[in-house]
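Each value in this text was obtained by applying a stated rule to the coordinates, not by laboratory testing. Note that the structure is a prediction, hence the values are computed from the model and not measured. In this analysis, Cβ positions are derived from the backbone assuming ideal geometry, glycine residues included, and neighbour counts consider all displayed protein chains.
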Amino acid sequence: MSKTALQGVTSEDRSAIRNAATIIALRDRMGDNPKVLMGQRGSKAVFMPNKFVFPGGAVDLADATVPLAQPLPAICRDRLADQASTGLDHALAIAAIRELWEETGLVLGHPGTWKDTIAEDWRGFAATGHLPSARALQFVFRALTPPGRPRRFDARFFLVDADEISGDLDDFSRASDELSHLQWIPLNKVRSFDLPFITEVVLAEVTGRLKDRTPPRSVPYFCNNDEESLFLRLKGRPMPSSE
């Protein structure tokens, strides 16, 4: 998670629900032994200590201002807009790409030169000669952390094929220390790891989509509000009337 995402945040604010983005990178997706990229959170982490998770974290205020070389697919933008603030899709896509970079050192981008002032969180990424690109991201799941947890996130999960990532997929030398034991875990072995419940639910959804490379026409939304837990489907906002 970006350090700037926490600046100026009070203890009361930290109990509020924060938008977040998570990225699920699949390797050898169409082969006999597909793998998923995961790492382990620290034992002293407030949120999900010791758990193996996908790279991800809260949306930074600056994420809305970072340019994308290529936008999300239109169908994904439409699903992200369902029961959400207008225009949030851009910041969520940027956050997913940033978290992948910060926590693993891997680049999801398009070759290019930055024309505007580069935010501190993006200088290392820019030095690789890439601009962030959301073209290959697919919005596949949304989950709201249940009440009563030390942190609550409204997390959007994005799926990406590992062959869309630039560089050596096994080189984590540029990663931060937020996740340890970074590795590509075979899907047929991943449930032997210490996983959060929601991660297991998302993995089941992803496993069912292995052979389908198109974005889903509707997206599962595990909504845990103060009254009840609901399992909804996001199908996009109704098109405005032409009248």
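What to note about this one:
- At R0 = 22 Å, FRET efficiency that the Cβ-Cβ distance of ARG149 and ALA64 yields, to 0.05: 0.30
- Estimated FRET transfer efficiency (ASP168, ALA74; beta-carbon r; R0 35 Å; 0.05): 0.65
- Whole-Å semi-axes of segment 75-122's equivalent ellipsoid (Cα gyration tensor): 23, 13, 11
- Pairs of lysine residues in segment 14-234 - Cα separation under 25 Å, sequence separation of 8 or more or cross-chain: 5
- Just checking the listed ones, ASP63, ASP116, ASP177: in the Gaussian network model of the chain with Cα springs under 10 Å, the one fluctuating most is ASP116.
- The stretch between ASP32 and GLN83 holds 14.6 nm of extra length on full extension. This uses 0.36 nm per residue minus the Cα-Cα distance.
- Estimated from helices alone, the mean residue ellipticity of the chain at 222 nm is -5000 deg cm²/dmol (sum of -39500 (n - 2.57) over DSSP H runs with n ≥ 4, per residue).
- Taking LYS189, LYS115, LYS211 in turn, the Gaussian network model of the chain (Cα-Cα springs below 10 Å) assigns the largest fluctuation to LYS115.
- Values of log10 I(q)/I(0) for segment 124-218 across q = 0.11, 0.16, 0.23 Å⁻¹ run -0.44, -0.97, -1.49, by the Debye formula with one identical scatterer at each alpha carbon and no solvent.
- Size of electric dipole in segment 14-234: Cβ of Lys, Arg +1 and of Asp, Glu -1, about Cα centre, debye, nearest 20: 340 debye
- The translational diffusion coefficient of the chain, from Stokes-Einstein at 4 °C and 1.567 mPa s with a Kirkwood hydrodynamic radius over alpha carbon pairs, comes to 71 µm²/s.
- Pairwise label distance in nanometres, ARG217 with THR128, each label 7 Å out on the Cα-Cβ vector: 3.5 nm
- Whole-angstrom gap from segment 191-234 to segment 63-142, using each part's C-alpha centre: 21 Å
- On the beta carbon distance between GLU228 and TRP184, with R0 = 22 Å, the FRET formula returns roughly 0.05.
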